[in-house]
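The structure appears below as structure tokens.
Any read-out appearing in this document is the output of simple, stated calculations on the displayed coordinates, not a laboratory observation. Predicted model only: the values in this text are computed from it and were never measured. We place every Cβ from the backbone using ideal geometry, glycine too, and count neighbours over all the protein chains shown.
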Amino acid sequence: MATKDRYDWVDAAKGISIILVVMMYSAHNVGKYTGDIGVLHYIIGFATPFRMPEFFLISGLFLSHVIARDWKRYTDRRVVHYFYFYAIWVAIDIVLKLGVAGQDIPGMFRGLAEAVVQPYGVWWFIYMLGVFSLAAKLAWQFKLPHWLVLGVAALLQMAPIDVPSYAVTQFCAYFVFFYLGYAASPLVFRIVEAAAARPMLAVLGLVAWAAVETFLVFWPENVMLPMDMEMGFAAFPPLHLVLAVAGAIAICIGAALLMKLPFMGWLRWLGEHSLAVYLAFTIPMSAIRIVSMKLGFTDTSLLSCTVLVGAIAAPVVLYLIIQRIGFGRFLFERPSWAHIPGTPGSRSATPAPVPAE
């Protein structure tokens with residue numbers, strides 16, 4: 001089902017994804033200071049194979065709509081767009097942490113410089129979307145067949161690559177999912193639409209998938225830690241790759257089914273504005289955890305759930321306030337000066353003709 005030019009289930013799937021991402025950081029943030037694990041750790045453990053792959057796969061679904069554009073327009077829309085938000089929010093974080101709180105001005109400038117080539121903090125995801133978009137465009141430019149790109153990307157994903165460059169490590173780990181979203185977009189849409197047309201069969205399929213996922217993640221043994229986990233069978237690289245793709249498709253199907261319910265519009269809205277949540281959740285997450293612990297809340301499950309809700313709600317409230325008052329929109333909307341000159345949205349772009357009345 002589509003709303004205007006958007007697919008409701010795509011936005012809902014992004015909503016589920018952003019909840020899982022914030023949940024992971026909230027659980028680990030609390031676990032770091034309580035030294036314990038809570039209920040959210042187990043939910044995140046279950047979602048570990050597909051949590052980030054699903055986000056990247058969805059990000060590639062509509063790439064085919066813009067991949068053939070000229071380099072200037074494509075770069076503005078798919079590269080500069082992400083790097084702009086990365087630069088703004090990383091600068092805010094580093095200046096506040098090192099410059100203001102830490103009074104370490106040399107360290108602040110060093111951190112800003114390093115963030116150009118080394119993805120920083122939770123915003124690594126935004127950074128890598130720009131990198132992935134460049135890589136996909138180059139593959140298209142050189143007319144590389146999808147099977148070749150996917151084959152190489154899959155091998156990189158399964159290989160135990162962990163190098164000093166965080167950008168290279170994350171590229172190897174996740175590019176295959178972004179490119180799969182682009183290359184297999186028609187197939188993904190057909191699968192989701194077919195499942196949505198048979199909701200009872202789809203629900204049974206999701207239950208079976210969840211049971212298999214649970215078994216492979218938690219058996220024969222797993223180690224759950226306050227800030228990490230070691231999986232069971234699912235840790236085997238080829239199986240991990242399969243589970244990542246299966247989980248991403250399952251989330252998309254689940255999102256399509258949820259959109260059939262009349263009270264789930266909030267999930268679609270959250271997914272539509274997931275970038276705002278992703279950009280701004282870290283500061284309220286830490287603030288809520290600090291205040292809650294000072295007030296005596298130490299139960300890991302309760303505290304992590306409180307932090308999760310607050311870390312999602314705060315960016316939403318901030319976004320709505322900014323939309324209402326108009327000041328600060330540059331935090332969530334790219335201004336005209338941040339576009340490549342001559343592209344839509346830039347000051348130098350040719351104005352669209354005014355239709356005759």
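Before moving on, here are some points about what is shown:
- Candidate lysines - alpha carbon under 24 Å from residue 72, same-chain residues fewer than 8 apart omitted: 137, 143
- Packing-based order for 296-309, 155-168, using average beta carbon neighbours within 10 Å, highest first: 296-309, 155-168
- Using the Cβ of residue 290 as centre and a radius below 15 Å, the other residues enclosed give a net charge of +4, where K and R count +1 and D and E count -1.
- Of all lysines in the structure, those lying under 29 Å Cα to Cα from residue 260, and not within fewer than 8 positions of it along the same chain, are 4, 14.
- Distance from the C-alpha centroid of the range 185-238 to that of the range 309-324: 31 Å, rounded to the whole angstrom.
- In a fully extended conformation the segment linking residue 200 and residue 212 would gain 2.4 nm over its present Cα-Cα distance, using 0.36 nm per residue.
- Computed on the chain, with alpha-carbon pairs under 8 angstrom and 6+ residues apart, the relative contact order is 33 percent.
- Spatial separation of Cα centroids for the range 136-151 and the range 47-120, in angstrom: 23
- Net charge of neighbours whose Cβ lies under 13 Å from the Cβ of residue 43, counting Lys and Arg as +1 and Asp and Glu as -1: 0
- Residue 67-residue 147 pseudo-label distance in nm [points 7 Å out on the Cα-to-Cβ vector]: 1.6
- In terms of Cα atoms, the Rg and Dmax of the range 2-338 work out to 20.0, 60 Å.
- Projecting label points 7 angstrom from Cα along Cα→Cβ for residue 239 and residue 191 puts them 2.0 nm apart.
- Cα shape, the range 1-151, gyration tensor, a/c 1.5 rule: oblate
- Nearest-0.05 FRET efficiency for residue 100 and residue 162, computed from C-beta distance (R0 45 Å): 0.85
- Residues in the range 27-60 reached by a label modelled at residue 246 [backbone nitrogen below 14 Å; 7 Å Cα→Cβ]: 47-50
- Span-like helix criteria (full DSSP H runs; alpha carbon extent of at least 24 Å along the helix axis; mean Kyte-Doolittle hydropathy of at least 0.0) are satisfied in the chain by 8-34, 124-141, 166-183, 199-218, 237-258, 300-325.
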